[in-house]
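Notes to accompany the following structure.
The values are calculated or read from the model by the stated rules, or taken from the named source; none is laboratory data. Only a predicted model underlies this, so the values are computations on that prediction, with no experimental measurement involved. With ideal geometry, Cβ positions are generated from the backbone for all residues, glycine too; neighbour counts draw on all protein chains shown. Side chains included, ligands, DNA and RNA excluded: accessible areas come from the protein's heavy atoms. Shrake-Rupley method; radii C 1.70, N 1.55, O 1.52, S 1.80 Å.
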Amino acid sequence: MRRKLNALRKPQFRQSWSKYALYNMSRAPQPRIPAQKTFFQQKWVAKAEVRHYHGEHLTNRQWQNIFRHTMKASVPMQNSQLALNNGGEMAMGRGSGLQGDEGYGRVRTVPYMSQLFWPMERRLDMAVHRAMFASSARQARQFVVHGFVKVNGKKMVHPGYMLNPGDMFSVDQDQALFATGQPKRSIKNAEGATETDAAAEGEVKAQGEGEGDKGKAEAKEGKEEAVEEAEAKSEGEEAEASSSESKQASTEGETEEEIKRREAKEKLKALKEDPNNLLDVTKPYATPWRPRDFMAPFAFIPRYLEVNHNTCHAVYLRHPVAKPGLAEAPSPYPEEILQMAFNWYLRRR
Amino acid sequence: MPPRPPPMATSIAKRTFSTTTTLQKGPDSARGAMFAWLSGPGAVFKQPTGEPQYITSYDRSTWERKDKARNPDAFVQPYPFNRFFKSQPVLSDAFRDEIYNRVKRQGHSVRQVSAALSVSIERVAAVVRLKQVEKEHLAKGGKLSTFLTTALNQMLPVVDLPASATGRGGGGGGAGGGGAFENIQELPIHSLAGRQVFVPTSESREFTRADAGKEFGLPPADVMVPHPDLVTLAKERFESVPLHERIARQEERDRLEKSWREAEKVRADERKRQKKVLEVGRWKWCLKEAETGKVGFRYGFPLPDRKKGHVKIPTHVS
């Protein structure tokens, strides 16, 4: 496994919520296939590109073993169409309907090639990441290996376990909250937290990089309490500032978006009042829990999962499918790249 | 081995071990540019704003928010270069509670709830399972991370319970106000249907869906969809069958399905009574007639479960 996941010199897509991944995604150029190269080279380039994101921590062989050249798809059917016609009109004339394909208007294509990595999404570690229980695929893998993940109520320590439709998996609540929450501040930052807070933000403090090594954050209890106090203090100040802001804003004329933002801010502040969200120094994350920074641009839950974040349980409903104009398997790459990579994995080079 | 001497406390021990030069730390460096972006245009992504904030909803050069009316697709697309992957809404907590109540308290079938709320059958079943787990978790004295759900609802697209559902609107099919949550009549493409076939028929013959299905060895699409009842209902509506008649027929169909289910249960119980199925702890033994020497463990035949090269990851968890 490579040591450094996110490099700034060459921006690449990574399956992680770190701010480095976000910055790289914000400026990465559109992946293109060089037209002047040979077909073999084009396939190689595409394959190398997609492997930066999909199963980056797996060996090529591990992925090739689960690769399937068949893609799952589904067709949206309309009750009224099924009731009105028996399908005979589609075979009229010379076999393709009286008007041919024009009779259906603009038909959206089914992006089969964007589904290339659907078997990857079946893997337990990937599903844990997609259900937003882990901040990166690597962290999800670590959760599985460390025994924090259960499948159908039984501990499953194989990240390569392929979920079957109907499987229910769960992650230890503390671990999921650790992955999605703010990290505990270090002792150094806490001592002058109120003043140095803003400065620390811009400083070279790659907290996103250190995912998974929460064990290191352990410290003596007395000091921890000091940290929590400092945190609570800074939080309180922020809350006051924001409430005065919101009072000012509510008096002025606001756009709909501004109102939404203000409400969101208030809701986030109100997280502290949640009776379940208590100050607890024994937790591996900062308490009271708050969402980690730069998480929103990565937030989505694919439709093949049904997730309950109250208990950190999720159900793998079915395999990801392609539909007209929609591919359910998440991927940052355009269809052309995935198609070339597909051709590489077909092994007819 | 003798114990190691403690490290000497000299001035060398105090020096910083960072190999980063001052040039690399500056604002013109790659890192400096990153933090400038994160505190500048990227600051909008730092905390949730009550609606999805994807990179695609901002212009990549000016970092101004795009016009939502003109390109609505940009606001549901998490990855800038994959226009086929979209962030689809999730069910709100109130919606999930309603599904659970209808199935568990009001005793509706999963299929009925699916048709009434326009949520797929598997999802309704999963929501009920997850809610059940939640109740058991609470009963055991566990705590719910409701704050996590609240925070995620500030960054995910969320669909709330349709207004028609709250007012006990019994009438069939689909959410009233904000459109259906998902299309419940999604027909999965069967692997048998991936074949290309050339069937010569006479021009005068009407070649229907049922005929096409027969060619592929599949039932027609009207039967294969998750809710064939809804198709029948739509057919009856187009045939202008009066409403009370339609309701009566649907009730009859529901009754038939229920009786079929009960008969199935009776059959299973019968098998169990005859000791053909033994349930011992987590195991369920299905006993069948077998001839000696044809099945089971064979003496002298090696079991490959410890052999190199065999995949030992389980394929299912019961």
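Given the condition at the interface with chain B (Cβ under 9 Å from one of its Cβ atoms) and more than 21 Å from B:A210 (Cβ to Cβ), answer yes or no: does some residue in the stretch A:75-93 qualify?
no
If you go through the stretch B:235-258 one residue at a time, do you hit one that is at pLDDT below 80 and assigned to a loop (DSSP other than H, G, I, E, B)?
No: the stretch B:235-258 contains no residue that is at pLDDT below 80 and assigned to a loop (DSSP other than H, G, I, E, B).
Considering only residues that are free of Cβ contacts under 8 Å to residues at least 24 places away in the same chain and facing chain A (nearest Cβ under 7 Å), look in the stretch B:42-51 and name the one that is nearest to B:L152 (Cα to Cα).
Once the filter is applied, the top-ranked residue is B:Q47.
Just checking, how many residues over the stretch A:23-49 are of a type in the set (S, T, Y) and open to solvent by less than 30 Å² (accessible area, probe 1.4 Å)?
Summing the residues that are of a type in the set (S, T, Y) and open to solvent by less than 30 Å² (accessible area, probe 1.4 Å) in the stretch A:23-49 gives 2.
Please work out which one of (1) surrounded by fewer than 18 Cβ atoms within 10 Å (Cβ to Cβ); (2) over 30 Å from B:E134 (Cβ atoms) is the condition A:M113 fails and give its number.
Looking at each condition in turn, A:M113 falls short on (1).
Which ones in the stretch B:54-84 are within 26 Å of B:N183 (Cβ to Cβ), more than 8 Å from chain A (Cβ to nearest Cβ) and open to solvent by less than 30 Å² (accessible area, probe 1.4 Å)?
Those that are within 26 Å of B:N183 (Cβ to Cβ), more than 8 Å from chain A (Cβ to nearest Cβ) and open to solvent by less than 30 Å² (accessible area, probe 1.4 Å): B:T56, B:S57, B:A74, B:F75, B:Q77.
Could you tell me how many of the residues in the stretch A:296-311 are in a loop (DSSP other than H, G, I, E, B) and either facing chain B (nearest Cβ under 7 Å) or over 15 Å from the mean Cα position of the chain (by Cα) (or both)?
The number of residues fulfilling the criteria is 7.
Quick check on this structure: which one of B:S87, B:S39 is within 11 Å of another protein chain (Cβ to nearest Cβ), in contact with a Phe, Trp or Tyr (Cβ under 8 Å, 6 or more places away or on another chain) and not aliphatic (A, V, I, L, M)?
One residue alone meets the criteria, B:S87.
Looking only at residues in the stretch B:213-225 that are open to solvent by less than 40 Å² (accessible area, probe 1.4 Å) and not in a helix (DSSP H, G or I), which one is farthest from the other protein chains (Cβ to nearest Cβ)?
Applying the filter and picking the extreme gives B:L218.
Filter the stretch B:178-212 for residues that are in a loop (DSSP other than H, G, I, E, B), of a type outside the set (A, V, I, L, M, F, W, C) and over 24 Å from the mean Cα position of the chain (by Cα) and give the result.
B:R195, B:Q196, B:P200, B:T201, B:S202, B:E203, B:S204, B:R205, B:E206, B:T208
Which condition does B:R105 not pass, out of (1) within 13 Å of chain A (Cβ to nearest Cβ); (2) farther than 30 Å from A:P297 by Cβ; (3) at pLDDT 90 or above, if it passes all the others?
B:R105 satisfies all of (1) within 13 Å of chain A (Cβ to nearest Cβ); (2) farther than 30 Å from A:P297 by Cβ; (3) at pLDDT 90 or above except (1).
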